[in-house]
Amino acid sequence: MEVSTVKQARYVTRNWLKEKLPDTKEFIASGLPEVDDRYDVWRVSLILVDGTDIGELRISKDGTVVGHTKLSTLKTRIRKFRDNKPQHIVSGTLVHKRIPNASFRPAPIPNKVILGDAQTVLEEFPPDTAQLVITSPPYYNAKPQYSEFVDYQEYLDFLRKVIVRIHAILSEGRFFIINVSPILVRRTSRSTASKRIPLPFDAHKIIDSAGFDFIDDIIWVKPEGAGWNTGRGRRFSADRWPLQYKPVPVTEYVLVYRKRTNKLIDWNIRSHYDKALVEKSKVRGDYDITNIWHIPPGHHKVHPAVFPRELVRKLIRYYSFVDDLVLDPFAGSGTVGVVALEMERRFLLIDNDIRYFKLMKHEISTLADNLVEKIRVDFEIHDQLGETDNDY
């Protein structure tokens with residue numbers, strides 16, 4: 001038979017399961033069949049009744065099963081599940097808790113810019129405060145003005161504390177986006193070597209353990225020549241000896257995570273409290289088809305490392321609705337807040353540097369005052385800072 005619909009792919013799968021795994025029908029079923037255009041086949045996940053994915057079936061367009069997970073592997077996984085069947089499985093059937101159809105409504109947090117430490121500031125906000133997080137953590141001892149960590153492990157522990165708090169206040173199924181790149185540690189003398197610390201991969205372990213699912217790695221590509229200031233690659237350029245090759249870094253990772261949930265993204269769309277805002281947020285016109293984004297770096301006369309507005313604009317466009325609250329716990333110059341304001345989103349910006357707090361207060365206040373519809377923005381100094389520079 002020709003397989004051109006999901007229903008037909010499910011039919012082929014059911015027959016295959018009856019033939020190959022006849023005694024396990026109460027424990028196993030097919031997932032959603034999807035077409036793999038690369039190999040011109042249907043891929044059908046094989047799942048247990050608790051939702052666990054244990055294998056896959058590949059079906060050609062003429063209805064022939066052309067590949068599958070080893071039968072011995074499937075049987076072992078089913079046996080393991082059957083021997084340790086969860087209490088909420090009754091007679092091989094998953095007992096589902098009915099999900100109410102009530103609309104999701106975020107916490108009514110106004111626009112805020114806060115001078116304080118994100119580790120403690122975020123403890124004061126309730127669940128569902130943020131619907132999107134976009135941030136780039138402070139550098140690890142990359143420049144003298146950032147040398148505030150005893151060692152790399154202390155830096156990772158610092159990130160973990162903030163990420164755990166982000167998870168607590170981010171709405172279910174919403175996105176956490178972090179811009180990171182390997183850290184270059186320059187050599188201290190001619191007898192020592194420079195090295196790169198793979199921060200994106202260490203950060204992933206932290207983010208995963210905090211309760212986020214990895215979704216995408218967007219590669220932010222800067223113009224050629226952008227990485228020459230690191231000094232990397234100059235030795236090879238001059239000598240051309242093998243083993244000395246080091247490419248000049250012109251990319252950064254923009255890692256996209258979703259707060260872990262058993263609900264599909266469709267749920268976040270369908271349960272939104274205002275369908276008009278959902279429609280208004282629809283991505284129209286051109287969009288980025290691949291995960292390679294060519295964007296020039298941002299520049300600011302006060303802050304040494306700012307987000308390009310184009311990058312933030314794309315992320316807000318793809319990962320939020322109008323009137324969502326966008327959080328940046330390491331706000332710096334406040335680019336996330338500026339773009340959020342321009343795109344009719346609310347924002348929560350936190351930074352522990354009085355210079356950047358002053359900068360954000362000036363620039364965001366000016367922008368808010370110039371909007372046709374006046375926008376309220378609160379500027380606060382967190383109590384935990386104690387005595388500080390009051391000239392802000």
Expected single match for hydrophobic (A, V, I, L, M, F, W, C), farther than 27 Å from Val121 by Cβ and without any contact (Cβ under 8 Å) to a residue 40 or more places away in the chain among Ile265, Ile295, Ile289 is Ile289
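Picking from Lys314, Lys246, which residue would you name as being modelled with pLDDT of 95 or more, of a type in the set (D, E, K, R) and surrounded by 14 or more Cβ atoms within 10 Å (Cβ to Cβ)? Give the derivation first.
Working: Lys246 fails: modelled with pLDDT of 95 or more.
Just a single option satisfies the conditions, and that option is Lys314.
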Taking the options Thr5, Thr13, Thr64, name whichever one is of a type in the set (S, T, N, Q) and surrounded by 18 or more Cβ atoms within 10 Å (Cβ to Cβ).
-> Thr13
Extreme residue, modelled with the lowest pLDDT, among residues of the stretch 363-382 that are touching a helix residue (DSSP H, G or I) at 6+ places or on another chain (Cβ under 9 Å) and exposed (fewer than 13 other Cβ atoms within 10 Å of the Cβ) = Lys374
Name the pairs whose Cβ atoms lie under 8 Å apart, with the first residue in the stretch 25-38 and under 14 Å from Arg10 (Cβ atoms), the second part of a loop (DSSP other than H, G, I, E, B), and 6 or more positions between them or separate chains?
-> Ile28/Leu21; Ile28/Val49; Ala29/Val49
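Residues are listed down the side, and each one gets a yes or a no for (1) under 22 Å from the mean Cα position of the chain (by Cα); (2) at pLDDT below 80; (3) part of a loop (DSSP other than H, G, I, E, B):
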position	(1), (2), (3)
Ala107	yes, no, yes
Val121	yes, no, no
Pro137	yes, no, yes
Phe149	no, no, yes
Glu154	no, no, no
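Here is a yes/no grid of residues against (1) β-branched (Val, Ile, Thr); (2) out of contact with any Phe, Trp or Tyr (no Cβ under 9 Å at 6 or more places or on another chain); (3) over 24 Å from Ile169 (Cα atoms):
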residue	(1), (2), (3)
Lys280	no, no, yes
Asn291	no, yes, yes
His294	no, no, yes
Val312	yes, yes, no
Phe357	no, no, no
Count - residues of the stretch 1-28 that are in contact with a helix residue (DSSP H, G or I) (Cβ under 8 Å, 6 or more places away or on another chain) and of a type in the set (A, V, I, L, M, F, W, C) = 6
For Glu310, are the conditions met, namely being of a type in the set (D, E, K, R) and closer than 30 Å to Ala107 by Cα?
-> yes
Would you check which residues across the stretch 16-55 are crowded, with 16+ Cβ neighbours inside 10 Å and among the charged types (D, E, K, R) and list them?
-> Arg43
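Please report, ordered by residue number, the strands (runs of 3 or more DSSP E) entirely within the stretch 14-54 with at least 3 residues that are of a type outside the set (Val, Ile, Thr). Explain how you work it out, then say what you get.
On the way: elements: 28-30, 34-36, 41-48.
Strands (runs of 3 or more DSSP E) meeting the threshold: 41-48.
Determine, yes or no, whether Thr290 is modelled with pLDDT of 95 or more and either touching an Asp or Glu at 6+ places or on another chain (Cβ under 6 Å) or more than 16 Å from Asn179 (Cβ to Cβ) (or both).
Details: modelled with pLDDT of 95 or more: yes; either touching an Asp or Glu at 6+ places or on another chain (Cβ under 6 Å) or more than 16 Å from Asn179 (Cβ to Cβ) (or both): yes.
Yes: the conditions hold for Thr290.
The values are calculated or read from the model by the stated rules, or taken from the named source; none is laboratory data. Given the structure is predicted, the values throughout are model-derived calculations rather than measurements. Counting neighbours? That spans all protein chains shown, and the Cβs are built from the backbone with ideal geometry, glycine included.
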